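Quick notes on the structure that follows.
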Amino acid sequence: AQSVAQPEDQVNVAEGNPLTVKCTYSVSGNPYLFWYVQYPNRGLQFLLKYITGDNLVKGSYGFEAEFNKSQTSFHLKKPSALVSDSALYFCAAYAGNNRKLIWGLGTSLAVNP
Amino acid sequence: IAGITQAPTSQILAAGRRMTLRCTQDMRHNAMYWYRQDLGLGLRLIHYSNTAGTTGKGEVPDGYSVSRANTDDFPLTLASAVPSQTSVYFCASSIGTSGSADTQYFGPGTRLTVL
């Protein structure tokens, strides 16, 4: 079955430290991969996506993600976390063979001052 | 440009009542979607529409219906609400169809409680 896994329900980091939110996927073919962020009581906002090309994708608010085909991963990273980055982060993968977007369950990021 | 608007922001509803959640987009996107978000279950697709006049079922369509009379509006109706439909509902849209990998843009959500 095709799936997206976010292995950590919660990630805690100190402000100013680097952060990583993990995502692994299992989809057929070449995946399109997405990261979205949800701030409290808000809808999801698009952060970045990987379609093809450079494995390192840069997105909004200083976030970036690295596509690793051999490890089937697409981890979200930021060099220096801000308290305002505290939110729920969702990874999603587009499965081309059945033409649907598969969502991870989300990771709650808490950045402590 | 507002993007996607949803109404109401929140609602408390008695079980058995009929309820329509409204969604309007002003981006002229082709595809629109309804998701529900529940703790521990993430986002689940209820229904989608690739273009005006067409709709399709997502992974949890039972108890819900949709219509797409025009490009901008995509209402979600609960014909007879049940407590298990208590959730936060998000409308989204994308330029391309649901079968494409286009970015989806989300509304602010409707928090629905069915008692």
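Per-structure values
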{"quantity": "Whole-percent carbon and sulfur share, accessible surface of chain B, 1.4 Å", "calculated": "53"}
{"quantity": "Fraction of accessible area attributable to carbon and sulfur, the stretch A:3-112 (%, probe 1.4 Å)", "calculated": "47"}
{"quantity": "Chain-alone versus full-assembly comparison, the stretch A:64-113, residues with accessible loss of at least 40 Å² (1.4 Å probe)", "calculated": "A:Tyr94, A:Arg99, A:Trp103, A:Leu105"}
{"quantity": "Those residues of the stretch B:43-71 for which accessible area with every protein chain present is at least 50 Å² below the isolated value (1.4 Å probe)", "calculated": "B:Leu43"}
{"quantity": "Accessible area buried at the B-A interface, both sides summed, 1.4 Å probe (Å², nearest 100)", "calculated": "1400"}
{"quantity": "Computed magnitude of the charge dipole of the stretch B:4-104 (debye, nearest 20; Cβ of K, R +1, Cβ of D, E -1)", "calculated": "220"}
{"quantity": "√(5λ) per eigenvalue of the Cα gyration tensor, chain A, largest first, Å", "calculated": "24, 14, 12"}
{"quantity": "For A:21-29, mean number of other protein chain Cβ atoms within 10 Å", "calculated": "0"}
{"quantity": "Accessible area in square angstrom per residue, chain A, 1.4 angstrom probe", "calculated": "48"}
{"quantity": "Isotropic mean projected area of the C-alpha convex hull, the stretch B:60-109 (nm²)", "calculated": "4.3"}
{"quantity": "About the Cα centre, charge dipole magnitude for the stretch B:1-47 (Lys/Arg +1, Asp/Glu -1 at Cβ), debye", "calculated": "160"}
{"quantity": "Residue-averaged beta-carbon neighbours from other chains (10 angstrom radius) around A:41-47", "calculated": "6"}
{"quantity": "Solvent-accessible heavy-atom area per residue, rounded to whole Å², over chain B at 1.4 Å", "calculated": "46"}
{"quantity": "Debye, to nearest 20: dipole size of the stretch A:3-112, +1 on Lys, Arg Cβ, -1 on Asp, Glu Cβ", "calculated": "360"}
{"quantity": "Proximal lysine pairs, the protein assembly as shown, alpha carbons under 19 Å, eight or more residues apart or interchain", "calculated": "15"}
{"quantity": "Candidate residues A:Ser60, B:Ser49: accessible-area rank, largest first, probe 1.4 Å", "calculated": "A:Ser60, B:Ser49"}
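The values are calculated or read from the model by the stated rules, or taken from the named source; none is laboratory data. Treat the numbers as computed from the prediction; the structure is a model and nothing was measured. Counting neighbours? That spans all protein chains shown, and the Cβs are built from the backbone with ideal geometry, glycine included. Just the protein is used for accessible areas: all its heavy atoms, side chains included, with ligands, DNA and RNA removed. Shrake-Rupley method; radii C 1.70, N 1.55, O 1.52, S 1.80 Å.
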